[in-house]
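Enquirer: So that we are looking at the same thing, I have put the structure below in structure tokens.
What follows draws every value from the coordinates through simple rules; no lab data is involved. Predicted model only: the values in this text are computed from it and were never measured. Cβ sites come from the backbone with ideal geometry, for glycine too, and all protein chains shown count toward neighbours.
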Amino acid sequence: MNLQYPIGKFESPNKITKEHISNWIKDIEELPDKISNLVLRFTEQQLETRYRPEGWTARQVIHHIHDSHHNGYIRFKWALTEDTPLIKAYYEDRWAELSDTKHAPIYLSLDIIKTLHAKWVYFLKGLSDEDLEKTFIHPEGNVAISLAEDIGIYAWHGNHHLEHLRIIAGLNT
């Protein structure tokens, strides 16, 4: 198993359908409960366990999910309120080394992930077909990403890190 990418890398379909969007939104909606149900049983030792050598600890993964998805939600808002905005990237590896990510109790991020995802899903379900075509520019590679594709990226991202936590729990597939 590839521990870095246990579910593989995200591959966007050539044509994104309403079914893709619906399934991805469902993944985003279900992620907070899946994470919480898994990690609330973690011991302090498990929270400090890395899913692979040189990888992040469970605690860092949980806080990273919050950081990443918070940024993702804002990117959606920019894409809908600005004309093809150039988004701000961030150094997730550096953020993972900050004291809140390395040491804060996980409930702080779990609570925010639950609330953020509830609002994000409400927002996503209200997007029109025209909205889904709107794009932003990611500065890494100067790539245009549609909101439709970005829903898939974040659904994948959540499941990607959920699998990292499952590896730590000894439940990997």
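Enquirer: Tally time: how many residues in region 52-88 are of a type in the set (Gly, Ala, Ser) and farther than 17 Å from GLU149 by Cα?
Expert: Number satisfying all stated conditions: 2.
Enquirer: Continuing with the same structure: Name the residues in region 119-144 that are surrounded by fewer than 17 Cβ atoms within 10 Å (Cβ to Cβ), under 17 Å from the mean Cα position of the chain (by Cα) and either closer than 11 Å to PHE76 by Cβ or of a type in the set (D, E, K, R) (or both), would you?
Expert: LYS119, PHE123
Enquirer: Ok, one more. Which of the following residues is among the hydroxyl-bearing types (Ser, Thr, Tyr) and over 24 Å from ASP150 (Cβ atoms): TYR122, TYR107?
Expert: Within the list TYR122, TYR107, the selection yields TYR107.
Enquirer: Just to be sure I understand, how many residues within region 8-38 are touching a Leu at 6+ places or on another chain (Cβ under 9 Å) and not in a helix (DSSP H, G or I)?
Expert: So the answer is 1.
Enquirer: Where the second residue is basic (Lys, Arg) and in a loop (DSSP other than H, G, I, E, B) and the first is over 14 Å from ILE151 (Cα atoms) and lies in region 4-15, which pairs have Cβ atoms under 8 Å and are six or more apart or on separate chains?
Expert: Going by the 8 Å Cβ cut-off, the qualifying pairs are GLN4/ARG52.
Enquirer: Taking region 96-118, which residues are of a type in the set (Ser, Thr, Tyr) and either surrounded by 17 or more Cβ atoms within 10 Å (Cβ to Cβ) or over 17 Å from THR57 (Cβ atoms) (or both)?
Expert: THR101, SER109, THR115
Enquirer: Might you let me know whether region 53-62 holds any residue that is in contact (Cβ under 8 Å) with a residue 24 or more places away in the chain and under 17 Å from LEU116 (Cα atoms)?
Expert: yes
Enquirer: In region 1-58, which residues are surrounded by 15 or more Cβ atoms within 10 Å (Cβ to Cβ) and small (Gly, Ala, Ser)?
Expert: Within region 1-58, SER12, SER36, GLY55, ALA58 meet the criteria.
Enquirer: Now for a different question. Does ILE167 fit the bill of being more than 22 Å from LYS15 (Cα to Cα), among the β-branched types (Val, Ile, Thr) and in contact (Cβ under 8 Å) with a residue 60 or more places away in the chain?
Expert: For ILE167, the condition - more than 22 Å from LYS15 (Cα to Cα), among the β-branched types (Val, Ile, Thr) and in contact (Cβ under 8 Å) with a residue 60 or more places away in the chain - is met.
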